[in-house]
Amino acid sequence: MGVSSKLGNLGVVTTKLEDAVNWGRTRAMWPMLFGLACCAIEMMSTQAPYYDASRFGMELMRASPRQADLMIVAGRVSRKMAPVLRQLYDQMPEPKWVLAMGDCASCGGVFNNYAIVQGVDEIVPVDVYVAGCPPRPEQLIHGFMTLHEKVKEMKWYEWAGK
Amino acid sequence: MTADPQTHHAVWEGNIEELKGLVSEKAFSGESMILNMGPQHPSTHGVLRVILELEGEEVLSCIPDVGFLHTGIEKNMEYKTYEKSIVMTDRMDYLNPMGNGLVYCLAMEKLFELDVPMRAQIARIVLAELTRINSHLVWMGIGGLDLGVTSTMTYAFREREVLLDIFEMVSGQRMMSTYFRPGGLWRDLPDEFEGAVQNVLDTFPAKIDDYDKIITQNPVFVDRTQGIGFISAEDAVAYGLTGAALRGSGVNWDIRKAMPYSSYEQFEFDVPLGQHGDVYDRFIVRIAEMRQSLRIIEQGMKRLQKEKGPFRSDNRKYVPPPRAELGRSMEAVIHHFKLWTEGFRPPKGEVYVSIEGPRGELGCFLASDGSPNPMRVHFRTPSFVNLSALEKLSKNHMIADLVGIIGSIDIVLGDCDR
Ligand code: SF4
């Protein structure tokens, strides 16, 4: 009986590991310190006392992409910046997520012109889009929480890389 | 996932031969080192890239590489009507959205010979000064952070929320307000405005004293900034520096005094000056400027209580009829429709207007060919000009000081690259 209950519980243990790891990832998701334009100022407001992203375990901005889990593309990406952004993304270790903050990062925003990449999803895969020009800190936090929901749904076989 | 090799190397595969003439001969023989800093670097205030030539820790030369945030704003404005392109100016220097709107509106008003009611002029001044404080707060927060005073950022952003609430109250948006329109304001100031600004006037002086203490009585900060990044008054003028970067060297030049606009001549305020022209003095000047801004705001609020007149010009050629009229008159509806679809046709001509932004002289050149879209808009932005002195400022300094020097000229890359 002891054995069968253990075996029977094995499935439960695996799902729980999945949940536990995913939960852990959502509680300490470190964004990369990477500001591009106006949206970066609102991203800083989100980190600052009033909105306090540390409530979500996300206050620690890492300046190095190698220590970061999440890239917040906060602002417009120019054609000159695009290769840099891609390189930063490649330097981040798996698992990694991308949040496109603001209209510019999502779709080019008001700048439908020669200089701006019309949506950062042309260069990197985006997990969450946050609309607004600039999005309010509340909106960004909602984006964080949406991303956390997504991470919680991840399966173990996706952990190694997407 | 691997990157496409073609895009992957587009920026980084630099050829040292391209640096000939920019760096010294030592770099080619290997005696000095070329180091790349940015565009993703925590203390380059956005996406500035600096190519450094180092000998040990000493900076021999430093070449700023701008354009990572080039947005094509000036070109985009040519495709929009005059009034619609105000939206673009907000996104240029994103710490000074009201100031950008102001200079563009002033340029339009000069070109159209449009009058601005007194109430709107005063309101513009109050809001522009609030924006100046807002901008200086962000600069102080981040500049302090760069030099190891981490608490300034926490304080600065706390205070900034109070100001952003005011901007949201008047315009509906925290940052990109688009509140100034040719001929006045988008709408009248709300009733709560007065109380909110009074709150700022009551609480900020004590807070600014606190920052002053945090910065000027912090031995680490003082040691890291005094005598660093020196520029003499002659050099500052020769480089075309403006704003606190110029006044830190003791040159008394403030556009609000020298060429008053929007009735600044009716206000009393001092122009704070530095003496030594180093990083420390530029910090002190900006802190003092915040106090002067509060003085201007206080006078402005007193005048706003008396000036209860219209908030926008009634020149129907450029200003759409007020909402209330649309329900009564068919002509007003047609006129409104025409102004918002086609726009107005101003006279031909060229104008240049400049204001004192938080970073220095912010100028706008506007050329019209008589069509509803501007023929050419160009902005003379202080960040771009001030950045040109970076090499001069940082020569023979330690690389760690470079961070403070970049902070002290207070660049915003959106302003620089546009
Ligand atoms: S979405 Fe708006 S606020 Fe954000 S970077 Fe673009 S223009 Fe700036």
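The values are calculated or read from the model by the stated rules, or taken from the named source; none is laboratory data. Everything numeric here is computed off the predicted structure, so don't read it as measured data. Heads up, the Cβs are rebuilt from the backbone with ideal geometry, glycines too, and the neighbour counts pull from every protein chain shown. All accessible areas refer to the heavy atoms of the entire protein, side chains included, with ligands and DNA or RNA removed. Shrake-Rupley method; radii C 1.70, N 1.55, O 1.52, S 1.80 Å.
Amide H contacts of A:Leu36 (H built 1.01 Å from N, in plane; Pro and chain starts excluded): A:Ala74 sit under 5 Å, all sequence-distant by 5 or more or on other chains. Taking all protein chains in place and a 1.4 Å probe, what share, in percent, of the accessible surface of the stretch B:73-417 do carbon and sulfur account for? Reported share for carbon and sulfur atoms: 54 percent. For B:Phe230, no residue has an amide H sitting under 5 Å from its own, ignoring neighbours fewer than 5 places away on the same chain, with H placed 1.01 Å from N.
Residues of the stretch B:94-129 whose accessible area (probe 1.4 Å, heavy atoms of protein chains only) drops by at least 20 Å² once all protein chains are present, relative to their chain alone: B:Tyr94.
Using a ≥ b ≥ c from the Cα gyration tensor of chain A (square roots of the eigenvalues), is it rounded, prolate or oblate, where a/c under 1.5 gives rounded and otherwise the larger of a/b and b/c decides, a/b for prolate? Prolate shape, in that a/c is at least 1.5 and a/b is the bigger ratio. Taking the charge dipole of the stretch A:30-157 about its Cα centre, with +1 at Lys and Arg Cβ atoms and -1 at Asp and Glu Cβ atoms, the residue from A:Met154, A:Phe34, A:Val84 reaching farthest to the positive side is A:Val84. The calculated 222 nm mean residue ellipticity attributable to helices in chain B amounts to -14500 deg cm²/dmol, summing -39500 (n - 2.57) over DSSP H runs of n ≥ 4 and dividing by all residues. Please go through the residue pairs B:Lys207/B:Lys308; B:Lys84/B:Lys306; A:Lys80/B:Lys75; B:Lys75/B:Lys392; B:Lys75/B:Lys348; B:Lys257/B:Lys392 and name each one whose alpha carbons sit more than 24 Å apart in this structure. Listed pairs above 24 Å: B:Lys207/B:Lys308; B:Lys84/B:Lys306; B:Lys75/B:Lys392; B:Lys257/B:Lys392. The residue list A:Ile141, A:Val117, A:Ser106 was ranked by how far each Cα lies along the charge dipole of the stretch A:30-157 toward its positive end, using unit charges on Cβ atoms, and A:Val117 comes out on top. Here each label is just a point 7 Å from Cα along the line to Cβ, and for B:Asp115 and B:Asn315 those points are 1.0 nm apart. Note on the protein assembly as shown: with charges restricted to the Cβ of Lys and Arg (+1) and Asp and Glu (-1), its dipole about the Cα centre is near 1340 debye. The angle between the Cα long axis of helix B:118-146 and the main principal axis of chain B comes to about 20°, on a 0 to 90 degree scale. Remark on the stretch B:62-86: accessible area falls by at least 40 square angstrom from chain-alone to full-complex state for B:Phe68, B:Leu69, B:His70, B:Thr71, B:Asn76, probe 1.4 angstrom.
In terms of accessible area, using a 1.4 Å probe and ignoring ligands and nucleic acids, A:His148, B:His70, B:His336, B:His276 rank largest first as B:His276, B:His70, B:His336, A:His148.
For the stretch A:120-125, putting each phi into the Karplus relation 6.51 cos²θ - 1.76 cosθ + 1.60 with θ = phi - 60° gives couplings of 6, 5, 6, 10, 10, x Hz, in residue order, rounded to whole numbers and with x for Gly and Pro. Contact with the other protein chains removes 40 Å² or more of accessible area, compared with the isolated chain and a 1.4 Å probe, from these residues of the stretch A:123-145: A:Cys133, A:Pro134, A:Arg136.
When a/c reaches 1.5 or more, the comparison of a/b and b/c decides; with that in mind, is the stretch B:57-173 rounded, prolate or oblate per its Cα gyration tensor? Since a/c reaches 1.5 but b/c is at least a/b, the shape of the stretch B:57-173 is classed as oblate. Computed over protein heavy atoms with a 1.4 angstrom probe, the accessible surface ordering of B:Ser408, B:Ser329, largest first, is B:Ser329, B:Ser408. Per residue, the solvent-accessible area of the stretch A:30-157 (1.4 Å probe, heavy atoms of protein chains only, all protein chains present) comes to 36 Å². Remark: the stretch B:207-224, residue by residue, has Karplus-estimated 3J(HN,Hα) of 5, 5, 4, 4, 4, 4, 5, 4, 8, 6, 9, 9, x, 5, 5, 5, 5, 7 Hz, where x stands for each Gly or Pro and the curve is 6.51 cos²θ - 1.76 cosθ + 1.60 at θ = phi - 60°.
Rounded to the nearest whole Hz, the Karplus-based 3J(HN,Hα) values (6.51 cos²θ - 1.76 cosθ + 1.60, θ = phi - 60°) of the stretch A:106-111 follow the sequence 7, 8, x, x, 6, 9, with x at glycine and proline. Using a probe radius of 1.4 Å on protein heavy atoms only, what is the accessible area buried between chains B and A, both sides summed, to the nearest 100 Å²? Between B and A, the summed buried area is about 3500 Å².
By a 1.4 Å probe calculation restricted to protein chains, A:Tyr51 has an accessible surface near 20 Å², given to the nearest 10.
DSSP assigns beta bridges within chain A; of those with both partners inside it, close to 10 percent run antiparallel.
Surface composition of the stretch A:30-157: carbon plus sulfur atoms contribute 55% of the solvent-accessible area (1.4 Å probe, protein chains only, all chains present). B:Arg345: accessible area at probe 1.4 Å, nearest 10 Å²? Roll a 1.4 Å probe over it and B:Arg345 shows about 130 Å².
Surface analysis of chain B yields an accessible area of 39 Å² per residue, using protein heavy atoms and a 1.4 Å probe.
Using all pairs of distinct alpha-carbon atoms, the Kirkwood hydrodynamic radius of chain B works out to 22.8 angstrom. What do you get for Rg/Rh of the protein assembly as shown when both radii come from the Cα atoms and Rh is the Kirkwood radius? Taking Rg over the Kirkwood Rh, I get 1.00. Note on the stretch A:30-157: with charges restricted to the Cβ of Lys and Arg (+1) and Asp and Glu (-1), its dipole about the Cα centre is near 260 debye.
Here the stretch B:246-351 has an Rg and Dmax of 21.4, 64 Å, counting Cα atoms alone.
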